[in-house]
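These notes are about the structure you will find just below.
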Amino acid sequence: MTDPDDLFEMYRSDRGGAAALKGDALANALADNVRRTFAAIDRLIAEVAQALSQARYTIRFAPSVVDRGSYVQLDRASEGFRDYLRLWSHQRAENRGGGMHWEARILVADGRRQSAEIGLGVTIEWPAGVPDANFAFVEFWTTGQGVSLPSEDRAFQRALVACILRLEEAGALTSAAKR
């Protein structure tokens, strides 16, 4: 085994090897974190929707999101969103922080066409220049449960199912299996 001082030095050199992002690289990483976060949420919701299809639930990620830094509501698929994100990320990169919180909604409907919303708070992580780092923290407002993406993808899905079960218990939704 190596000397403990050598291990600390190896750790420091590994950590120091990833230079802090600046300027355009930081702005691009911020914008990429937002896009990857919303794409990951879309994918995870689609997987839950497929798993719950026998219960006759339709589940989708609402197209509009709100930047909590400016309270601007945008459609994630629009050109305006891409333009806003480009401007937003450059502004945050220049200021080195702030306004990296988004609101989003998951729309759920049962077989009777009753619908409900699950609110999400999405905090975009500041890019560290480390490729396998988390890029977002998502909190489910219905239950208060929070998860980091992408490391806790399964926890996100479990939290989504817990929110749906809570909506069932409240009588807002009814599973096809309970009819």
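Counting only strands (runs of 3 or more DSSP E) that fall entirely inside the range 43-138 and contain at least 3 residues that are closer than 30 Å to GLY171 by Cβ and acidic (Asp, Glu), no element qualifies. Here's a check for you: in the range 114-135, which residue that is of a type in the set (A, V, I, L, M) and touching a residue at least 40 places away in the same chain (Cβ under 8 Å) is surrounded by the fewest Cβ atoms within 10 Å (Cβ to Cβ)? Ranking the candidates gives VAL130 first. In the set GLU152, GLU169, only one residue is among the charged types (D, E, K, R) and buried (at least 16 other Cβ atoms within 10 Å of the Cβ); that residue is GLU152.
Yes/no per residue for (1) under 11 Å from the mean Cα position of the chain (by Cα); (2) within 20 Å of ARG35 (Cβ to Cβ); (3) in a helix (DSSP H, G or I); (4) in contact (Cβ under 8 Å) with a residue 40 or more places away in the chain:
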| position | (1), (2), (3), (4) |
| --- | --- |
| SER148 | yes, yes, no, no |
| SER151 | no, yes, no, no |
| ARG154 | no, no, yes, no |
| ALA162 | no, no, yes, no |
| ARG166 | no, no, yes, no |
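Taking each residue of the range 76-95 that is in contact (Cβ under 8 Å) with a residue 60 or more places away in the chain and looking for partners that are part of a helix (DSSP H, G or I) and of a type outside the set (S, T, N, Q) with beta-carbon atoms closer than 6 Å, six or more apart or interchain, yields SER89/ALA27; SER89/LEU30; SER89/ALA31; HIS90/ALA27; ARG92/LEU30; ALA93/LEU26; ALA93/ALA27.
Every number here is computed from the coordinates shown, using simple stated rules; none is lab data. Nothing here was measured: the structure is a model prediction, and the numbers come from that model. Quick reminder, even Gly has a Cβ in these numbers, built from the backbone with ideal geometry, and neighbours come from all protein chains shown.
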